[in-house]
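J.: I'd like to ask some things about the structure below.
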Amino acid sequence: MFAFHLRARILFPGGVSRSQIHRISCLNIVSKTMLFPEDKFFGGSPQADKDFKRLDVPYVSKSDKFHFRTKDFSKQFSHIYASRLGEMVGLLTKRAKEKWGTEHPIKQLAELKEDSPEKCVIIGTLFKHQELKPSILREISEENQLVPQPPRSHYTDDADILILEDALQRIRLMGKIDVHSVVTGAVCAVLGYEDGDGRFRVEDYLFYESGPQKPLIPLECSPLLVLISGLNLGSPNDFSMSMELLQQWIFGNLEGFGQSRDWEAASVVRVVLAGNSVKASVKPRNNLHGRPTTESSDLLNAVKAVDTFVHNLAQSVNVDLMPGEFDPSNHMLPQQPMHQCMFPKAVPFSSFRGVPNPYAFEIAGRSILGTSGQNVHDIGRYSKIEDPLEALKSTLVWSHIAPTAPDTLPCYPYYQQDPFIVSECPHVYFAGNTGEFKTELWKGRNGQQTRLICVPCFSETQSVAVVNLRTLDCQQISFKVNEFDDTEE
């Protein structure tokens, strides 16, 4: 067990020395273990009165495809399915031949014949027919006089039907494929034959599994990436002390972490706020003091709090701010960066960036991809993949960040491309605003290795995820107030 203590000073970007820090009195935070105890690439043994400069590594944004160039909502959503299928057919054709050989022809649905069934491969987009899925047409139907149904958190049922669609036709799938383990919008190749009832009997199936991956470049240092989500500063709960301790750790002002090897703080090269920083639900804030307030005033105060928090961090480290489901940004994916006018304190710092959701970038030669969690939560609602980590892994296998968009997850009506296709496998893939911290090193069939991370809500857990970009190891660090004791050293 190791305790944090306050340290004298740290050099900030540009060589500015911050000698006065906010002192946290009469509190010690205890860490169960060092973040990466076996990594010998951190600074070394501490020296008294020494200033440390934050580690600097190359960074390149890869999120251009998620930025709107034009806004045209006149297009139908069928175009994004056509674009998705058109691109994935070429990718899956090669994979199908590698797995099943050339003895089984790849056919269109229109080429299938019931009277002379032949084992073949068909490639198409999955569609799940679900009676429990919300339908605006059923809700507004007057002739049926439907009674409003209570809201559900899950819409799966044993009567769900799985259908495969290509550019012209559709066919029901039966056999060796589980309807509850997939979602609408995923593109796959299936091997089988059409039976006499006009259904396709599946004997095997495959997904693209995210394509090739760049080799890891050896590093002589261990840069750290900090992932935070769900700050929810519009919440009435007070976790300001946890936030203060988080900031002081990033600043390098908490000494003694990990047997006096707190150089990890100086190795933090970037902080990503993965959505729901302003608020984390649609419920209005309850006023604890009984004073009348409006939701707009609460939202304004929360935005100011985010601005102050990001402003403090941006003085010391690069900060990327992603919008989340309940943040003041467009609701459709991809969400655009929150407007700069909301962050007057943080905007003057070049270390602060508003970024879209999803967010893709490359840092220290590592490819990073992440979302604020809407894609993972939506998969859990319309399948039996309830574990967020499994849902995140599934999107990587399906090679699509948000397969349920636009069916049940709102997205922009793209016409000529589908930017959510994962054509290159990332080294780190994360989803924010999950119930708890989870991580796994996923290994693909073609040698890919991806660190999957479920980033917990800070407002609920007071914890963050820290990724070692050299080794791709990931650990959780908690700043919970109930982990403090009342002793002072």
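The values are calculated or read from the model by the stated rules, or taken from the named source; none is laboratory data. If you're wondering where the values come from, they're calculated on a predicted model, not measured in any experiment. Cβ coordinates were reconstructed from backbone atoms using ideal geometry, including for glycine residues, and neighbour counts include every protein chain displayed. Ligands, DNA and RNA are stripped out before the accessible areas are found, and what is left, the full protein with its side chains, is counted by its heavy atoms. Shrake-Rupley method; radii C 1.70, N 1.55, O 1.52, S 1.80 Å.
J.: Can you give the extra length, in nm with one decimal, that the chain gains between LYS113 and ASP204 once fully stretched, where that is 0.36 nm per residue apart less the Cα-Cα distance?
T.: Full extension of this stretch gives 30.8 nm more.
J.: Quick check: from the Cα gyration tensor, does the stretch 371-482 come out rounded (a/c under 1.5), prolate or oblate?
T.: oblate
J.: Could you state the per residue volume, in Å³, of the convex hull enclosing the Cα atoms of the stretch 311-407?
T.: Cα-based convex hull of the stretch 311-407, divided per residue, equals 117 Å³.
J.: 7 Å from Cα along Cα→Cβ at both LYS62 and HIS79: what's the point-to-point distance in nm?
T.: Distance between the two pseudo-spin positions: 2.7 nm.
J.: Between THR434 and residues 5 or more places away or on another chain, which pairs have amide H atoms under 5 Å apart, with H built 1.01 Å from N, and which residues are they?
T.: It is VAL455, CYS457, by chain and number.
J.: For a quick check of understanding: with a 1.4 angstrom probe and all protein chains in place, what accessible area in square angstrom does TYR414 have, to the nearest ten?
T.: Its accessible surface works out to 20 Å², give or take rounding.
J.: Related question: Can you give me the Rg/Rh ratio for the stretch 373-412, using Cα atoms for both radii and the Kirkwood formula for Rh? Walk me through the intermediate numbers first.
T.: On the way: Rg = 9.1 Å, Rh = 9.9 Å.
Ratio of gyration radius to Kirkwood radius: 0.92.
J.: Between ASP387 and TYR415, what's the calculated FRET efficiency when r is the beta-carbon distance and R0 is 25 Å? Round to 0.05.
T.: The computed FRET efficiency comes out at 0.10.
J.: How would you classify the stretch 347-386 from its alpha-carbon gyration tensor, with a ≥ b ≥ c the square roots of the eigenvalues: rounded for a/c under 1.5, else prolate if a/b is greater than b/c, otherwise oblate?
T.: The shape class here is oblate.
J.: Using 0.36 nm per residue, how much length does the chain from LYS53 to LYS345 gain when fully extended, once their Cα-Cα distance is taken away?
T.: The LYS53-LYS345 span can extend by a further 102.8 nm.
J.: While we're looking at this one, here's another question. Can you list the equivalent-ellipsoid semi-axes of the stretch 351-436, largest first and in whole Å, using the square root of 5 times each Cα gyration tensor eigenvalue?
T.: After diagonalising the Cα gyration tensor, the semi-axes are 20, 17, 13 Å.
J.: Round to the nearest 10 and report in Å² the accessible area of LEU273, as given by a 1.4 Å probe over the protein chains' heavy atoms.
T.: 0
J.: Given +1 on the Cβ of Lys and Arg, -1 on the Cβ of Asp and Glu, and no further charges, what dipole in debye does the stretch 361-489 carry about its Cα centre, rounded to the nearest 20?
T.: Numbers: 10 positive and 17 negative charges, 154 e Å.
Roughly 740 debye for the stretch 361-489.
J.: Now a separate question. Rounded to whole Hz and in sequence order, give me ³J(HN,Hα) for the stretch 455-468 from the Karplus expression 6.51 cos²θ - 1.76 cosθ + 1.60, θ = phi - 60°, writing x for Gly and Pro.
T.: Whole-Hz 3J(HN,Hα) from phi for the stretch 455-468: 8, x, 6, 5, 5, 9, 10, 6, 9, 10, 9, 10, 10, 7.
J.: Follow-up question, since we're still on this one. Just the ratio, please: alpha-carbon radius of gyration of the stretch 426-470 over 2.2 N^0.38 Å, N its number of residues. Don't skip to the end; give the middle numbers.
T.: Numbers: Rg = 11.8 Å, N = 45, 2.2 N^0.38 = 9.3 Å.
The reported ratio for this selection is 1.26.
J.: Can you list the GluC sites (Glu not before Pro) in the stretch 414-484 that are in a DSSP coil and have 14 or fewer other beta carbons within 10 angstrom?
T.: GLU436
J.: Tell me which lysines have Cα within less than 22 Å of LYS384's Cα, excluding those fewer than 8 residues away on the same chain?
T.: Qualifying lysines at Cα under 22 Å: LYS128, LYS133, LYS176, LYS393, LYS438.
J.: Sticking with the crude label model, points 7 Å out along Cα→Cβ, report the distance from LYS304 to GLU38 in nm, one decimal please.
T.: 5.0
J.: Quick check for you: which residues of the stretch 422-451 have the amide N under 17 Å from the point 7 Å beyond the Cα of SER281 toward its beta carbon?
T.: Correct set: 433-436.
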